[in-house]
Amino acid sequence: MKRIVSIKIQLILYLFLMTFTLSYVQGEQITHNIFNTHELNVEKDNLEKLQTQLQILETKEDVGIQNQKTRFQVYGQNNSKQASKPPIVINPNENIVLKKEMGDYDVQVYSIDATQVTVADVLQALSASFGKSIIVDDEVDPTYLASYINISIQKSPLQDILEVVLGMRGLEFVQNEDSIFVTSLAKLDIDTAFEYYRDKSIHLYQKAQIKYPNDRRIVKAYFELGNYYYDLGFNFLALQEYQIIVGKYRGSTQAKESLFKIGRCYDKLKDPESARRAYFQFLCRYPKDPLVADVLLAIGDSLTEQGHYNKAIDIYEKVTREFATDDSVAASKAQFSIAKTYMKMGDYRNAIQVFLKARWKYCSDQMRSEIEYQIGNCLYLLNEYQDAADVLGNYLVNEQEGEFGESASFLLGDCFYKLDNYLGAFQIFRKAIERYPKSNKVSGGICCMGKSLRAMNMLESAIKVLREGMQAFPIDDNAGTLAFEIGMCYFDKGDYWLAYNAFDSFVKQYPQDELVIEAMIRMADALLNDKKYVEAINSYFELLKTTNSDEIRRYAFNRIGECYKYMGNLQQAIKAYQIGLRNTKDTVRLKWPIDDSLGTTTSFKQHTQQ
């Protein structure tokens with residue numbers, strides 16, 4: 001604008017001088033003709049050219065003002081459509097060209113073209129452009145950063161460029177406000193590269209859902225997201241993705257499997273009714289589909305979960321009939337499911353027969369291992385411990401690394417214990433604990449080891465093992481049993497005072513344990529054996545308050561009679577024996593004065609009414 005005004009002023013001055021000169025020449029009639037005719041014509045032409053230039057400049061000025069007004073109006077209507085600024089170009093060396101500019105929605109984007117440059121040079125250029133420090137973990141192999149790459153990416157966010165550059169070398173980055181930290185996948189606590197790239201792809205699918213919500217191809221994004229959530233166990237989120245496909249993209253190739261997965265999600269969400277509705281919808285829509293057998297199996301599993309065992313067996317048998325081929329995976333699964341359903345019904349004999357049939361007709365390498373284990377398990381549940389031990393032992397010999405090796409090992413140890421083979425049981429449990437130290441069966445194994453040692457009269461070793469178990473598992477379900485067994489070891493050892501204290505501690509610490517009554521009996525017996533007869537009688541009376549068992553009442557009164565007999569009070573002993581024999585519940589009416597060595601007097605009525 002200033003340039004145009006300056007040119008105008010120059011033209012006006014030039015015109016004024018020319019007019020003044022011509023007037024002066026004509027007025028004075030100078031004899032010496034300074035300007036001849038040719039020179040005047042030249043000046044005239046120059047004047048016309050200047051006037052033309054002035055008009056052009058004025059026209060450009062008007063157009064510029066008009067364009068400026070137009071841009072201002074558009075900017076007022078849409079702030080996002082601003083006049084583009086030239087990109088900032090960075091050339092750290094002749095092989096790297098990095099451009100920084102504004103993209104859509106006022107987002108800064110970058111373009112990079114690099115040929116035969118190191119990863120370190122690219123990172124350095126990006127750091128200078130972005131204004132953040134890029135810090136590389138010391139444990140990253142230097143050869144990764146020194147390797148040469150060729151790369152060309154146009155108008156992308158910096159994060160996308162970093163992902164490409166670092167991903168080529170198996171690296172990852174974490175950024176904050178001031179810096180970008182580069183490290184390896186292992187340092188980010190990601191198990192496998194597959195999981196890492198799967199998460200990246202899921203992120204892209206989520207972007208696609210936001211950016212292209214109406215594109216028909218977006219159904220794949222919903223399907224893959226559903227599978228992602230399903231694999232992670234987020235069944236409610238997976239269900240939502242699959243339901244969108246079935247409802248909005250019914251004609252897609254993913255709709256069929258999505259409907260099946262909806263049933264699976266409902267099963268895992270413990271909604272069997274909704275699961276079966278989805279499965280029956282699948283059967284109606286796709287009656288000839290290869291997934292029909294899997295759908296029927298899923299319906300049977302759903303019925304089994306609800307306790308409808310006979311209906312479930314009917315469904316499984318339908319699968320064995322309709323898919324009865326020698327290599328039918330569905331039929332073998334159905335036969336196997338029938339056997340497991342019989343196990344849940346407690347019909348272990350039938351379960352064994354079906355397992356044997358499945359092993360003979362359909363057995364595959366994947367199922368043989370579990371069938372062998374389950375047969376041993378059924379025999380154990382039938383209390384046929386010798387046969388169970390044979391089957392489980394054979395399983396462990398052939399399938400030492402099998403899926404059920406842990407359960408089979410501890411179960412085999414229990415078989416040996418119940419067969420009174422205590423040394424064998426101890427050795428099996430010890431090996432099982434060494435092999436599976438993180439198993440939830442370890443505490444039970446330690447308890448059985450202690451019981452086996454006690455049965456072999458190795459009481460000191462048993463106490464040591466049991467105490468180590470209590471220290472390792474102070475709040476475990478078997479902690480109470482471990483404490484009780486310690487008391488039993490002291491009792492068997494004849495150390496009745498320590499036995500009494502151990503049982504007393506057990507009763508106070510585990511008042512709801514099923515062994516409490518047994519512990520109270522052992523407390524009283526310990527006092528009796530320690531010849532503390534008065535305390536023993538009081539302890540038996542405390543026992544009688546806590547139980548209505550006829551057998552325990554007979555036992556308690558018999559022991560009370562023994563205490564009186566040893567105290568020399570035969571009359572009271574006879575009464576106690578008589579009550580034990582009659583087992584009458586009217587004993588509250590009988591009064592027995594007791595002259596104990598401490599000078600206290602108690603009566604049975606007082607004990608029973610406390």
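Taken together, the residues in the range 475-495 that are open to solvent by less than 60 Å² (accessible area, probe 1.4 Å) and farther than 16 Å from Arg454 by Cα amount to 4. Kindly check whether there is at least one residue in the range 433-443 that is open to solvent by less than 20 Å² (accessible area, probe 1.4 Å), of a type outside the set (A, V, I, L, M), under 17 Å from Ala479 (Cα atoms) and part of a helix (DSSP H, G or I). The answer is yes; a qualifying residue exists. Picking from residues in the range 240-278 that are outside any helix (DSSP H, G or I) and under 23 Å from the mean Cα position of the chain (by Cα), the one that is nearest to Arg217 (Cα to Cα) is Leu269. Does Leu543 fit the bill of being in contact with a helix residue (DSSP H, G or I) (Cβ under 8 Å, 6 or more places away or on another chain), modelled with pLDDT of 95 or more and closer than 30 Å to Phe484 by Cα? Here the answer is no, as Leu543 does not meet what is asked. Restricted to the range 284-376, the set of helices (runs of 4 or more DSSP H) holding at least 2 residues that are touching a Pro at 6+ places or on another chain (Cβ under 7 Å) comprises 292-305. Selection of the range 529-572 for residues being hydrophobic (A, V, I, L, M, F, W, C) and open to solvent by 70 Å² or more (accessible area, probe 1.4 Å) yields only Leu570.
Results for (1) aliphatic (A, V, I, L, M); (2) assigned to a helix (DSSP H, G or I), shown as yes or no for each residue.
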site: Met449; (1), (2): yes, yes
site: Arg454; (1), (2): no, yes
site: Ser461; (1), (2): no, yes
site: Val465; (1), (2): yes, yes
site: Ile475; (1), (2): yes, no
site: Gly480; (1), (2): no, yes
site: Tyr490; (1), (2): no, yes
site: Asp513; (1), (2): no, no
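Test Asp326 against the criterion of being at pLDDT below 95 and more than 23 Å from Met343 (Cα to Cα), and give yes or no. Yes: the conditions hold for Asp326.
When Tyr500, Tyr555, Tyr566 are checked against the criterion of being modelled with pLDDT of 95 or more, hydroxyl-bearing (Ser, Thr, Tyr), in a helix (DSSP H, G or I) and on the phi < 0 side of the Ramachandran plot, Tyr500 stands alone in meeting it.
Looking only at the range 116-156, residues that are under 24 Å from Pro86 (Cβ atoms) and either open to solvent by 80 Å² or more (accessible area, probe 1.4 Å) or not basic (Lys, Arg) (or both) come to 15 in all. Does Asp387 satisfy being at pLDDT 95 or above and in contact with a Gly (Cβ under 9 Å, 6 or more places away or on another chain)? Here the answer is yes, as Asp387 does meet what is asked.
The values are calculated or read from the model by the stated rules, or taken from the named source; none is laboratory data. Because the structure is predicted, anything quoted here is derived from the model rather than measured. Note that we place each Cβ from the backbone using ideal geometry, even for glycine, and neighbour counts take in every protein chain shown. Accessible surface is based on the protein model in full, side chains and every heavy atom, while ligands, DNA and RNA are left aside. Shrake-Rupley method; radii C 1.70, N 1.55, O 1.52, S 1.80 Å.
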